[in-house]
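*Asks:* Encoded as structure tokens, here's the structure I'll be asking about.
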Amino acid sequence: MRVLLIFNSIEHSGAEVMLTQAAPLMRARGIELHALSTGTQPGSFATVMASSGIVVHHRPLRKSPVYFVSLVRFLRASRFGVVHISPERAFFWYTLSARLAGVPLVVRQVHNVFPFQGLLRVRRSVQRRVSCWSSGLWSSPRGCGPSSTPAPSDRSR
């Protein structure tokens, strides 16, 4: 199975270090790890990650439909079984790109709860619900869950 992990930039941080250490074990179990840096530079930890056997890709984020069309093509050609999205930045567009590319499992990791307000709060709320819905999941203040589970009341937002 091929797994892609999307980062803003590949830095010496928790997820990157854990993946680098786990890479040999995952490879032994038939999991091929790829990391995508979407920062302006690949990141200071990218070479360390690559030396552990993780395939590192660098595609600096551009707020352009052309960028996301090329991302869909890249994802489709790479035939990833899982795409794991780490950044908050552009998560909706990464999710949509992965779904359009036919990736069977798209996972979004939430590192923090940002106190969005006003129109940005409304936009993020809609994006989260559409992302969960497009993956067959429901959304609640606690995140997404299987579609067979009834969605709890969402009055806190």
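*Asks:* Can you pull out every residue in the stretch 22-48 that is closer than 14 Å to N8 by Cβ and hydrophobic (A, V, I, L, M, F, W, C)?
*Replies:* If the condition is that a residue be closer than 14 Å to N8 by Cβ and hydrophobic (A, V, I, L, M, F, W, C), then A35, L36, F45, A46 are the ones that fit.
*Asks:* Continuing with the same structure: With respect to S147, determine if the residue is at pLDDT 95 or above, among the hydroxyl-bearing types (S, T, Y) and touching a strand residue (DSSP E or B) at 6+ places or on another chain (Cβ under 8 Å).
*Replies:* no
*Asks:* Looking only at the stretch 13-32, how many residues end up being out of contact with any Phe, Trp or Tyr (no Cβ under 6 Å at 6 or more places or on another chain), closer than 24 Å to F92 by Cβ and either at pLDDT 95 or above or surrounded by 19 or more Cβ atoms within 10 Å (Cβ to Cβ) (or both)?
*Replies:* 1
*Asks:* Does E11 satisfy the condition of being acidic (D, E) and either touching a helix residue (DSSP H, G or I) at 6+ places or on another chain (Cβ under 6 Å) or farther than 19 Å from P87 by Cα (or both)?
*Replies:* no
*Asks:* In the stretch 41-62, what residues are without any contact (Cβ under 8 Å) to a residue 12 or more places away in the chain and farther than 22 Å from R29 by Cβ?
*Replies:* Those that are without any contact (Cβ under 8 Å) to a residue 12 or more places away in the chain and farther than 22 Å from R29 by Cβ: T47, R62.
*Asks:* Moving to a separate point now. Of the residues F92, F74, only one is within 16 Å of the chain's Cα centre (by Cα), modelled with pLDDT of 95 or more and among the aromatic types (F, W, Y); which?
*Replies:* Criteria check complete, one pass: F74.
*Asks:* Collect the residues in the stretch 69-112 that are among the polar types (S, T, N, Q) and without any contact (Cβ under 8 Å) to a residue 24 or more places away in the chain, keeping them in residue-number order.
*Replies:* Across the stretch 69-112, the qualifying residue is only S70.
*Asks:* So, in the stretch 91-110, exactly how many residues are farther than 11 Å from R76 by Cα, surrounded by fewer than 19 Cβ atoms within 10 Å (Cβ to Cβ) and of a type in the set (A, V, I, L, M)?
*Replies:* Count: 3.
*Asks:* Considering only strands (runs of 3 or more DSSP E) fully contained in the stretch 1-99, which possess at least 1 residues that are within 27 Å of P115 (Cα to Cα)?
*Replies:* The strands (runs of 3 or more DSSP E) meeting that bar are 2-7, 32-37, 82-85.
The values are calculated or read from the model by the stated rules, or taken from the named source; none is laboratory data. Small disclaimer: the values here were computed from a predicted structure and weren't measured. With ideal geometry, Cβ positions are generated from the backbone for all residues, glycine too; neighbour counts draw on all protein chains shown.
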